[in-house]
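Just so you know, all these numbers are worked out from the coordinates, no wet-lab data involved. These numbers were taken from a predicted model, which means no experiment stands behind them. Here Cβ is always computed from backbone atoms with ideal geometry, including for glycine, and neighbour counts include all displayed protein chains.
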Amino acid sequence: MSKSPSPRPLTSRELLERIGCNSLDSDSVGFAGFHADLEEDATAALIERYQALERRSPLNPGTVVRWKPGLKNRRWPHYGQPAIVLEVLQSPILDHREEMGSAYFREPLDVVLGLLIDDPEVRGDLFTFHYDSRRFEPWTATNSPAQS
């Protein structure tokens with residue numbers, strides 16, 4: 001009885017395609033279009049983003065949250081997609097595996113969020129990820145997508 005050949009390993013591109021990380025989000029803007037889409041002075045935008053990052057919102061387990069405008073730095077959740085706080089860490093996790101040139105180098109990951117991924121194979125399953133809580137605000141009726 002002959003043994004069936006083992007499947008070949010996935011290439012990096014195939015793996016990224018399989019997990020849905022092969023392209024920019026539909027709501028992302030490429031670098032070339034960044035300045036054209038930025039409707040404000042870049043200096044004013046930087047100051048606004050800094051102030052939003054420094055303005056902390058009280059987050060507790062069970063709080064439904066969303067990205068603060070202009071502070072999304074991860075693939076998920078998408079802008080306008082709710083996530084729920086599962087845990088607030090007393091001591092943030094600092095990822096030292098990233099290189100100093102990475103946007104994630106020493107980012108303080110101090111909150112665990114649960115969210116739903118828009119992939120048909122896992123629709124309705126809860127995924128958990130660690131994030132920097134400064135980038136999130138509580139979800140309210142006034143900041144939901146229908147109101148934004």
Grab the Cα-Cα distance for Glu54 and Tyr104, subtract it from 0.36 nm times how many residues apart they are, and report the gain in nm with one decimal. 16.3 nm
How far apart, in nm, are two points set 7 Å out from the Cα along the Cα-to-Cβ line at Ile47 and at Gln81? 3.4
Going from the fewest other Cβ atoms within 10 Å to the most, one would list Asp125, Asp95 as Asp125, Asp95
